[in-house]
Amino acid sequence: MEKKFKVKVDESYLYEFKDSDAKSLDLLKLSKSKFHLINNNKSFDIELEQSHFYQKQYVIKVNKHSYKIKISDQLDSLINKMGFSVGAAKKENNIKAPMPGMILSINVKEGQKVKEGETLMILEAMKMENTIGAPKDGTIKAINTKSGNTVEKGELMIEMA
């Protein structure tokens, strides 16, 4: 099954791409953050200025103009349709289950300092492994579940300080 992506540019323009569209680009990687693209006989210099990988948000410069990019895939669309909120945990210190599932592993201990995006646990839901990351830098205050336990949507799993 081919992956599909939606790319929102500057909160104004929405484009849809398939995995094969991205693979067919005439794109040359010049460095870790610089690329050169030829499309419809036009040349584009592209530079990755900012990357927020876990939020799937980027700032890219194309021929001296900067654009804010947000990428979503089929899983993001499914999560939105189901009424779940991916970014909801970012506003508070409590990590709650985004969906019902089973805890496969807990990768942190109480009192441990963590960085934003660091994997806290793996939750299996809908036959998929979902990485639950730290919403911000902080310290693990309490772990309210164990590996092998099942959790319901919204159930408190980890408290951070």
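Taking the alpha-carbon distance from residue 141 and a cut-off under 14 Å, which aspartates and glutamates remain once sequence neighbours fewer than 8 residues away in the same chain are dropped?
Within the straight-line limit of under 14 Å, residue 141 reaches these aspartates and glutamates: 92, 110, 159.
Can you check what the net charge comes to around residue 17, using other residues whose Cβ is under 11 Å from the Cβ of residue 17 (Lys, Arg +1; Asp, Glu -1)?
Once positives and negatives cancel, what remains is 0.
Starting from the Kirkwood Rh over alpha-carbon pairs, what translational D in µm² s⁻¹ does the stretch 4-74 have by Stokes-Einstein at 37 °C and 0.692 mPa s?
Answer from the Stokes-Einstein relation: 255 µm²/s.
Starting from the Cα of residue 61, draw a straight line to each of the lysines and keep only those under 22 Å, dropping any in the same chain fewer than 8 residues away.
Those lysines meeting the cut-off are 6, 8, 23, 29, 32, 34, 42, 70.
If one computes the Cα centroid of the stretch 127-161 and of the stretch 54-81, what distance in Å separates the two points?
25
Going 7 Å from the Cα of residue 34 toward and past its Cβ, which residues in the stretch 57-73 have a backbone nitrogen under 17 Å from where you end up?
The answer is 60-66, whose backbone nitrogens lie closer than 17 Å to the label point.
Taking the square root of 5 times each eigenvalue of the Cα gyration tensor, what semi-axes in Å does the equivalent ellipsoid of the chain have, largest first?
35, 18, 14
As a test of the definition: which semi-axes, in Å, follow for the stretch 89-160 when you take the square root of five times each eigenvalue of its alpha carbon gyration tensor? Largest first, please.
Ellipsoid semi-axes (Å, largest first): 18, 12, 11.
Computed from the coordinates by the stated procedures, all read-outs in this text should not be read as laboratory data. Keep in mind that this is a model prediction, so the values were computed, not measured. Positions of Cβ are backbone-derived with ideal geometry, glycine not excepted, and every protein chain shown enters the neighbour counts.
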